[in-house]
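Take a look at the structure set out below.
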Amino acid sequence: MSDNDLNKKLLHLFLSFKLIFLPMRIVPFAVSVVISAGLIFALNKQWGTIPPMGKFLSPQHGFWQNAEPASQDFDAELSFPDLKGKAEVYLDERLVPHVFAENEEDLYFIQGYLHAKFRLFQIDLQTKAAAGRASEIAGPKAIDYDKQQRRLGMVYAAEIATKYIESDPVAKKIFDAYTNGINAYIDNLKESDLPVEYKLLNFKPERWSNLRSALLLKMMAKDLSSGTENDMAHTNAKSIFLPDELKLLYPQVNDSLVPIVPKGTVFDKPGIIPVQPASADSLYFGRKDTVTAKEIAKPDINNGSNNWVVAGSKTQSGAPILCNDPHLELSLPSIWYEMQLQTPGSNAYGVSLPGAPFVIIGFNDSIAWGVTNAQRDVKDYYEIKFKDKTKQEYWFSGKWEKATLKEEIIKVKGGADVKDTVAYTIFGPVMFDESFSNNLSNSRNLAVRWVAHDPSNEGMTFYKLNRAKNYDDYAEAIKTFQCPGQNFIFASKTGDIAIWQQGKFPARWHRQGLYVMPGEDSSYMWQGFIPQPENPHAKNPERGFLESTNQRPADSTYPYFIPGSYITPRGVTVEKYLSGMTGITPKDMMALHVNYFNSLAEDAVPVLLKYVQVDKLDAKAKGYLDIVRNWNLMASPDSKGQTVYQCWWDSLEAGIWKDELTKVEPQAPWPEEQTTMELLKKDSALSFIDNINTAEKETLFDVVTTALQQAATDLAKKEAEGKLEWAKFKNPTVYHLLKDALPAFARKGLNVGGNGNIINAVTHSHGPSWRMIVHLTNQTEAYGVYPGGQSGNPGSRFYDDYVDKWVEGQYHKLWFMREGDKTDKNVKWIMKFNKGN
Amino acid sequence: MKFITAIILTALLAFISGLLSFSPWWGFAITSFLVALLVHQKAGKAFLAGFLGLLLLWCGLAWWIDMQNHGVLSARIASVLPLGGNSMLLILVTGVVGGLVAGFAAMSGSYLRSSSKS
């Protein structure tokens, strides 16, 4: 057909259309089309927090597609070109995958694939938030959070770690395979299969990379080793308290401390002796000015944990039992994903961290291991003097040094991009300066030195632990673990028990880094690190057990200065119980995991009862006093005594400390409750008891009595609401990752007691995120439970199916599947993986 | 008869368009429009047929999915949306939203056909 013909034809077509359409009743048609199009447009668009409703409600595209049938069949046959051989995943009735692969690459490819399949939104969200990209999802309210993440150097740290990981051929192979596994899932994902959160928030998942796995590990480093210092608040405390007062209020070693390494252990002579700079008295200890910077969303100090191990000499079977319960912010989906990973050369079972390869806490055929947080301070601040506002140069050792300026662009959902510039110095990134000081005036330039910025590959520790056969393998595996410092507890089938507090810890001169340090030369920098073999550790002690519960690792005879945010009471309780037990069975350990004994209250209640002046109380307060008098010191869910005691105690702490601590802004840190209790026990005439804002001189009698009377007012309100029982009072909740944005996806009002200082450390939304008990008998006998479920899909029956068991203190028997079990009735579904396109 | 045919055809084609991976969620608006062109009825009736076709399809599908899911997700979504956690209400809202889009699309089809005839 020639062009001419075509034109003629088109013209003809046009004319005939015109003939048809022109005379028609165009108006109603047009109106109707416009309404239809407008309706589709409106239903296809996100309005504020309202998702695109048409797309969202469509049963074939939207959230209904996430409503997984209760009888969902998880059988699958999958082929991917990245696989090297064949592999099978056997899913049991709890949806725990038992992965059997022919080689390591396929094993970790499949682990990545499963993490993505069951936890995609979680890994995507967490690593975006870690990188300071939360505003892309949450909008303008997350801008300050994102700025802080970037100024802390989270991406900087992850980039360094990625480079280091990829320089090791074995690690690179595994991390690449893991990344490919996640991407294999993402690349084959249909829009209708997107997790429901993406449909609600109207965004799409981003492809994975090794950097994102590193970001996840740095997120853990931040959660566990970034909130363990309080340097800025302590700097402010220094401005209002005398040196002796500081030592009294913030002691390095509590009287009641039961350290991780049993008392009496003899420590080697220190391999490094750091020297205090000559100017310390004037430029460091003597400075009385305050800092006005303050971290937002500081990691929870209760990010702690329990672990303990009993030797065969204390158990009924003669085999060791290892227990662990890491305390973290509880969330749905859980931070943990349970799985078994098997190749011809390795076989590990336990919980993994979605977003990273390996089993993190678990056991294999020969050993079991667990972790708690070391709580050590590995992050310091240095004050930087810039030449001018451009921050291009800073004063260091007598000359102007060039800073590296990093431009940060924060993309904001529903808003314009936000730009920020971060100056990097020899110490690290300048976290706080006048353009970022959380709206507080008169800010100083503070650079942060943090161990998490150093090159490291924490993943390899778990790679090796998954394969460790004995104590030597374990000791070798953990040696390179740097940050966040952890207490690695260990037991083997050959009967060894051990614990190491492992991490890269700066060797500090006395009181170095408690406060902001001068940054104008190298004299205040860390002079080195504690040699790894000198990290606190213990193996096969005569008493037959070891434990760690976030307390100080060693008593004052340890030859290094080791500040941190230690938690003392749980260790006291665990030690008390374990030392008295013999013939221990896993059942006894289950009971101990959910123990509610309040050892702090055991010491504090007598003080309260001794000093309360009954005749000054009103009838209501007297009633509450009786409740405490009759309390059995158990923080059980139905305990009213725990509620009254806690409110009374909190009110007393405020009565004693608030007047002094709030003399500075931001306020000085509150002394540990353990410290307060010990001070009151020792000295009832403690000068801080007096309220400096009143004319009269208050005594301990006055403050204890007033505290109860004041608490009684609040308690009466709670009682009227029917919330005097401890579980009702604290309302234990496992939130969805998006917290208050999605309350409907949370589990609220759980009937569980405990508190941060109690073995069963459940607070309002924080607590034992995984409870594990491993009995190292010939046929490993293991139990575990976490407050969540294997599926991250709120539309799955596996989303929160473990929560009730966890609340009740019950466990799943962990099925350590064998090659011969492939036709066992426990196998509910099989996913087959093959090499192919 | 035409009315029933239109409803069934609307629902059927909408369902098929939902199965096609390239088709957006509003693919049924086009098929509903075509059905109204093909099976001509007056605008009001066409609207009603389109509306009912999608209402039945979407409510039916949602109800079927919900039953198999034992209402786990619908209860949660019905709390995220201000529906007081009522799954049945959520199913109804689902159907009405689909119905409205299909109804107007069908009405457009009807107007197009009737105007082309006059």
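The values are calculated or read from the model by the stated rules, or taken from the named source; none is laboratory data. Note that the coordinates shown come from a computational prediction; the quantities given were computed from them, not determined experimentally. All Cβ positions, even for glycine, are placed from backbone atoms using ideal geometry, and neighbour counts span all protein chains on display.
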task: Tell me which residues, restricted to segment A:201-219, are at pLDDT below 95 and either hydrophobic (A, V, I, L, M, F, W, C) or over 22 Å from A:Ser135 (Cβ atoms) (or both).
output: A:Leu201, A:Phe203
query: Can you spot a residue in segment A:724-732 that is within 14 Å of chain B (Cβ to nearest Cβ), over 25 Å from A:Glu245 (Cα atoms) and not in a helix (DSSP H, G or I)?
result: no
message: Being facing chain B (nearest Cβ under 7 Å) and at pLDDT below 95 narrows it down to one residue among A:Val33, A:Val27; which is it?
response: A:Val33
field: Count of residues meeting criterion [part of a helix (DSSP H, G or I), in contact (Cβ under 8 Å) with a residue 40 or more places away in the chain and facing chain B (nearest Cβ under 7 Å)] in segment A:37-74
entry: 3
- line: Scanning segment B:1-20 residue by residue, the ones that are small (Gly, Ala, Ser), more than 11 Å from chain A (Cβ to nearest Cβ) and within 11 Å of the chain's Cα centre (by Cα) total 1
message: From the list A:Ala591, A:Ala538, A:Ala554, exactly one residue is assigned by TED's automatic domain parsing to the domain that holds A:Ala311, over 30 Å from A:Ser397 (Cβ atoms), assigned to a strand (DSSP E or B) and not polar (S, T, N, Q). Which is it?
response: A:Ala538
query: Given the residues B:Ser23, B:Ser32, B:Ser108, which is the only one that is part of a helix (DSSP H, G or I) and either modelled with pLDDT under 95 or at the interface with another protein chain (Cβ under 8 Å from one of its Cβ atoms) (or both)?
result: B:Ser108
message: I'd like the full set of residues that are within 8 Å of chain A (Cβ to nearest Cβ) and closer than 28 Å to A:Pro743 by Cβ, limited to segment B:93-105.
response: B:Val93, B:Thr94, B:Val97, B:Gly98
- prompt: Among the candidates A:Val275, A:Val291, A:Val266, which residue alone is among the hydrophobic types (A, V, I, L, M, F, W, C) and surrounded by 16 or more Cβ atoms within 10 Å (Cβ to Cβ)?
  reply: A:Val291
- request: Would you check which residues across segment B:1-16 are under 21 Å from A:Phe63 (Cβ atoms) and modelled with pLDDT under 95 and list them?
  value: none
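Yes/no matrix, rows are residues, columns are (1) among the basic types (Lys, Arg); (2) touching a helix residue (DSSP H, G or I) at 6+ places or on another chain (Cβ under 9 Å):
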position: A:Lys84; (1), (2): yes, yes
position: A:Glu93; (1), (2): no, no
position: A:Ala101; (1), (2): no, yes
position: A:Phe109; (1), (2): no, yes
position: A:Leu114; (1), (2): no, yes
position: A:Thr127; (1), (2): no, yes
position: A:Ala134; (1), (2): no, yes
- request: Collect the residues in segment A:750-768 that are closer than 15 Å to A:Leu332 by Cα and either surrounded by fewer than 24 Cβ atoms within 10 Å (Cβ to Cβ) or of a type outside the set (Gly, Ala, Ser) (or both), keeping them in residue-number order.
  value: A:Leu750, A:His764, A:Ser765, A:His766, A:Pro768
query: From A:Ile143, A:Ile110, which residue is away from every other protein chain (no Cβ under 14 Å), among the hydrophobic types (A, V, I, L, M, F, W, C) and surrounded by fewer than 20 Cβ atoms within 10 Å (Cβ to Cβ)?
result: A:Ile143
- request: Just one of (1) within 14 Å of chain B (Cβ to nearest Cβ); (2) out of contact with any Lys or Arg (no Cβ under 8 Å at 6 or more places or on another chain) trips up A:Phe745, so point out which.
  value: (2)
task: State all residues of segment A:783-812 that are under 18 Å from A:Val310 (Cα atoms) and either of a type in the set (Ser, Thr, Tyr) or surrounded by fewer than 24 Cβ atoms within 10 Å (Cβ to Cβ) (or both); if no residue qualifies, say none.
output: A:Tyr783
message: Considering only residues that are crowded, with 17+ Cβ neighbours inside 10 Å and outside any strand (DSSP E or B), which ones fall in segment A:634-643?
response: A:Ala635, A:Ser636, A:Pro637, A:Ser639, A:Lys640, A:Gly641, A:Gln642, A:Thr643
message: For segment A:160-176, check the following and say yes or no: at least one residue is of a type in the set (A, V, I, L, M, F, W, C) and more than 30 Å from A:Asn837 (Cα to Cα).
response: yes
query: Here are some conditions: (1) out of contact with any Ser or Thr (no Cβ under 6 Å at 6 or more places or on another chain); (2) modelled with pLDDT of 95 or more. A:Val612 meets all but one. Which one does it not meet?
result: (1)
message: So, A:Glu159, is that one of a type in the set (D, E, K, R), away from chain B (no Cβ under 14 Å), surrounded by fewer than 21 Cβ atoms within 10 Å (Cβ to Cβ) and over 30 Å from A:Val430 (Cα atoms) or not?
response: no
- prompt: If you check A:Lys8 against the conditions, is it over 27 Å from A:Gln342 (Cβ atoms), part of a loop (DSSP other than H, G, I, E, B), modelled with pLDDT under 95 and charged (D, E, K, R)?
  reply: no
field: Filter result for the condition that a residue is under 30 Å from A:Met460 (Cα atoms), surrounded by fewer than 19 Cβ atoms within 10 Å (Cβ to Cβ) and not aliphatic (A, V, I, L, M), over A:Lys45, A:Lys86
entry: A:Lys86
query: If you take the residues of segment A:644-690 that are in a helix (DSSP H, G or I) and hydroxyl-bearing (Ser, Thr, Tyr), which of them is nearest to the chain's Cα centre (by Cα)?
result: A:Thr675
statement: With criteria (1) surrounded by fewer than 22 Cβ atoms within 10 Å (Cβ to Cβ); (2) more than 33 Å from the chain's Cα centre (by Cα), A:Gln65 comes up short on (2)
task: Kindly check whether there is at least one residue in segment B:45-65 that is in a helix (DSSP H, G or I), within 23 Å of A:Leu201 (Cβ to Cβ) and more than 9 Å from every other protein chain (Cβ to nearest Cβ).
output: no
- request: Determine whether A:Asp740 is of a type outside the set (Val, Ile, Thr), within 14 Å of chain B (Cβ to nearest Cβ), surrounded by fewer than 23 Cβ atoms within 10 Å (Cβ to Cβ) and assigned to a helix (DSSP H, G or I).
  value: yes
- line: Over segment B:67-92, the set of residues facing another protein chain (nearest Cβ under 8 Å), crowded, with 17+ Cβ neighbours inside 10 Å and farther than 22 Å from A:Leu201 by Cα is B:Asn69
task: Just give me the residues in segment B:35-66 being among the charged types (D, E, K, R) and buried (at least 20 other Cβ atoms within 10 Å of the Cβ), in sequence order.
output: B:Asp66
